[in-house]
Amino acid sequence: MKKILLLLLIPGCLVAQTHFIDTNVLHMSGDNVNNDIAANTFYNSIDTCDISWSIINDSLPTGWEFSICFPDCHNIGVVNETALFLPNEKSYLNCHMYPNGIYGEGIVQMEIITNNTYRDTVTWIGQVNLSSDVETPDPKNKSKLIKVTDIFGRDITNYNNKLLIYIYSNGKVEKKINLK
């Protein structure tokens, strides 16, 4: 008995990997007293990559802002760009979230299209908590604490377990909570 080996060849194309991204979901966190929080990964080109990116979702608390660094750092408000990467480049891919003193959780999602064929999504999840840090003013600092109020602007005497507004002589206003 003879065995016949039958090969069926189907015309098609062989596609090689052109790039990879180190991490597609990134987490960052901080307190509402932080000016910004950030997390980064890298876009790695294996071959020449013509890319375009755009922000497809920015679910942020009211008052938050964000900026993107890919491949260059952009101003707040830039939500798309194109670039060309040569083979074997490792490009910085970053998101900064600016909570502007507001606590909460936000998400920014970027879609990257490579060579008009491949689609990748990178997601940044930022969490900002209320600061539990109550500082005493530095006497050497020109700015002096002039008033502490509750969130309704009323003068208070009990500083424990309340969201407080600190008003300084230079116009600086801070929101803080003392958990003691």
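The values are calculated or read from the model by the stated rules, or taken from the named source; none is laboratory data. If you're wondering where the values come from, they're calculated on a predicted model, not measured in any experiment. We place every Cβ from the backbone using ideal geometry, glycine too, and count neighbours over all the protein chains shown. Ligands, DNA and RNA are excluded from the accessible area calculation, which covers all protein heavy atoms including side chains. Shrake-Rupley method; radii C 1.70, N 1.55, O 1.52, S 1.80 Å.
What to note about this one:
- The set of residues in segment 103-124 being at negative phi and under 15 Å from the mean Cα position of the chain (by Cα) consists of Tyr103, Glu105, Gly106, Ile107, Val108, Gln109, Met110, Glu111, Thr121, Val122, Thr123, Trp124.
- The residues of segment 65-108 that are among the hydrophobic types (A, V, I, L, M, F, W, C), part of a loop (DSSP other than H, G, I, E, B) and open to solvent by 20 Å² or more (accessible area, probe 1.4 Å), listed by number, are Ile76, Val78, Val79, Leu86, Ile102.
- Count - residues of segment 42-63 that are under 30 Å from Ile102 (Cα atoms) and touching a strand residue (DSSP E or B) at 6+ places or on another chain (Cβ under 6 Å): 10
- Condition broken by Phe85, with the remaining ones in (1) modelled with pLDDT of 95 or more; (2) over 14 Å from Phe20 (Cβ atoms); (3) out of contact with any Leu (no Cβ under 9 Å at 6 or more places or on another chain) satisfied: (2)
- Residues of segment 29-63 that turn out to be under 30 Å from Ile165 (Cα atoms) and either modelled with pLDDT of 95 or more or open to solvent by 20 Å² or more (accessible area, probe 1.4 Å) (or both), as a count: 13
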